[in-house]
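Structure first, then comments.
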Amino acid sequence: MQIINLVGFMHSFLIEKIRARRAKIGIIGLGYVGLPLAIEFCKTGFEVIGFDIDEGKIEILKRGKSYIKHIEDAKIAQILPKFRPSSNFSELSNVDCIIICVPTPLNKYREPDMSYVFSTGEVIAKYLKKGQLVVLESTTYPGTTDEDLKSILEKSGLKAGEDFYLAFSPEREDPGNKEFTTSKIPKVVGGYTQKCLEVAKTLYEQVFIKVVPVSSTKVAEAVKLLENIYRAVNIALVNELKMLFDRMGIDIWEVIEAAKTKPFGFHAFYPGPGLGGHCIPIDPFYLTWKAREYDFHTRFIELAGEINTFMPYYVVQKTVEALNEKGKSIKNARILVLGLAYKKDVDDARESPSFVIIDLLMEKGAIVDYNDPYVQLPLYTRKYRLEKDSIKLTPENLSSYDCVIILTDHSVYDPDFIVKHARLIIDTRNLIKDANKYPEKVVRA
């Protein structure tokens with residue numbers, strides 16, 4: 001009876017502390033997910049400690065500056081009275097709620113790399129105390145939270161659902177989206193137990209316009225996977241149709257524009273040079289990997305992955321053919337790539353197909369430069385190191401290249417200016433809307 005009363009007391013105490021905005025929040029990982037989340041909690045009156053192993057990021061934030069394009073410096077400066085960046089993880093023992101926002105990439109075998117989540121769990125376990133809430137937001141396979149992470153955290157000697165609360169709530173960040181910012185996106189949450197759910201739900205209700213509770217952490221984990229698999233499969237569909245319609249002499253972009261006039265039963269997806277970002281190229285394969293445990297072959301997911309992975313090769317093939325038409329070999333051809341970011345108007349280059357395309361072009365002997373006004377150098381990813389400077393878009397520079405490849409349709413790119421000065425354009429994003437007017441100069445790919 002005493003144990004039940006103690007559990008009930010901790011549960012009620014934490015919920016009341018959260019509702020009164022007296023709970024202290026710890027957010028681990030201050031990237032494209034963790035930093036916006038920290039801002040929202042601070043704006044609603046919570047005190048937040050932001051944890052990251054990158055000392056460079058910590059110092060930038062302490063100065064009231066931002067390192068993410070769509071987050072202005074002013075937003076960081078405004079929250080500093082409530083926000084304290086830190087690389088001292090022992091301070092986890094001083095917070096009431098811990099939210100994990102670390103990367104979950106794939107390894108070279110396209111299998112989940114859970115090292116960031118699991119190592120974070122090991123650190124938390126060192127400082128975990130009774131009555132704390134731990135929420136994982138990093139996208140992962142069903143079972144990560146209530147099986148893998150739970151077992152790591154319980155090395156502390158504390159029990160999930162009794163001594164501390166455990167939940168999963170998938171991040172739904174869309175960098176650069178001005179309509180659906182962090183707090184305006186409904187928040188799905190699942191708890192290890194009902195009390196875990198109640199605490200996590202109460203926490204997110206203080207920040208998000210709507211909280212959607214589900215029956216378990218596994219359901220919450222599966223929600224995020226479904227969202228991104230839906231997008232990956234539909235993008236693969238239009239990418240495949242783009243290649244087919246190209247052979248048939250049909251403009252896929254015109255087809256999509258006409259199809260989306262149907263007011264029901266159709267949602268427009270758009271082709272491109274491949275998939276990029278922190279979700280769509282990666283998340284579906286988390287389920288593919290987990291499905292093997294159940295002797296299940298995820299054919300739709302893997303087929304979509306094959307098509308989307310092939311797109312950079314298709315772009316390079318179209319480039320080679322277009323240069324050949326001009327009597328120019330790909331070897332020693334001077335090529336300018338426009339855009340390293342995975343989508344328009346952001347500085348996020350994670351998993352961008354631009355890097356694959358640049359590599360493939362260089363393997364064929366091309367001399368490749370790039371322009372991207374948003375991606376800062378030097379840029380080091382798990383696979384690529386980029387130290388070249390961005391080429392300025394001047395009439396002289398554009399006209400000096402044998403070919404210009406549009407890989408990201410940033411709003412700052414003026415299609416008329418590019419068409420006027422470039423010799424040959426490979427457009428993968430439909431930036432040149434009236435491309436049919438320039439059949440000798442513009443190639444869709």
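The values are calculated or read from the model by the stated rules, or taken from the named source; none is laboratory data. Computed from a predicted structure; not experimentally measured. A quick note on method: Cβ atoms are made from the backbone with ideal geometry, for glycine too, and the neighbour counts reach across all protein chains shown. Areas reflect the complete protein model, heavy atoms only, side chains present, ligands, DNA and RNA absent. Shrake-Rupley method; radii C 1.70, N 1.55, O 1.52, S 1.80 Å.
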Restricting to region 117-158, count the residues that are open to solvent by less than 20 Å² (accessible area, probe 1.4 Å) and without any contact (Cβ under 8 Å) to a residue 12 or more places away in the chain. 0
For the structure I just gave you, tell me whether ASP113 is open to solvent by less than 60 Å² (accessible area, probe 1.4 Å), more than 23 Å from CYS196 (Cβ to Cβ) and in contact with a Pro (Cβ under 7 Å, 6 or more places away or on another chain). yes
Pick out the one residue from THR261, THR193 that is open to solvent by 60 Å² or more (accessible area, probe 1.4 Å), modelled with pLDDT of 95 or more and β-branched (Val, Ile, Thr). THR261
Would you confirm whether or not region 239-259 contains a residue that is under 23 Å from the mean Cα position of the chain (by Cα) and in a helix (DSSP H, G or I)? yes
When you look at HIS297, is it touching a residue at least 12 places away in the same chain (Cβ under 8 Å) and open to solvent by 20 Å² or more (accessible area, probe 1.4 Å), yes or no? no
Among TYR116, TYR165, which is the only one that is among the aromatic types (Phe, Trp, Tyr) and not in a helix (DSSP H, G or I)? TYR165
Quick one: in region 11-32, which of the residues that are in a loop (DSSP other than H, G, I, E, B) and at pLDDT below 95 is farthest from GLU171 (Cα to Cα)? GLY31
Does region 88-106 contain any residue that is part of a helix (DSSP H, G or I), in contact with a Leu (Cβ under 8 Å, 6 or more places away or on another chain) and open to solvent by less than 20 Å² (accessible area, probe 1.4 Å)? yes
Leading residue by the ranking (most open to solvent (accessible area, probe 1.4 Å)) among those in region 8-26 that are touching a strand residue (DSSP E or B) at 6+ places or on another chain (Cβ under 8 Å) and within 13 Å of LYS82 (Cα to Cα): LYS24
Elements of type helices (runs of 4 or more DSSP H) contained in region 325-443, each with 3 or more residues being open to solvent by 30 Å² or more (accessible area, probe 1.4 Å) and either in contact (Cβ under 8 Å) with a residue 40 or more places away in the chain or under 18 Å from MET311 (Cβ atoms) (or both): 353-363
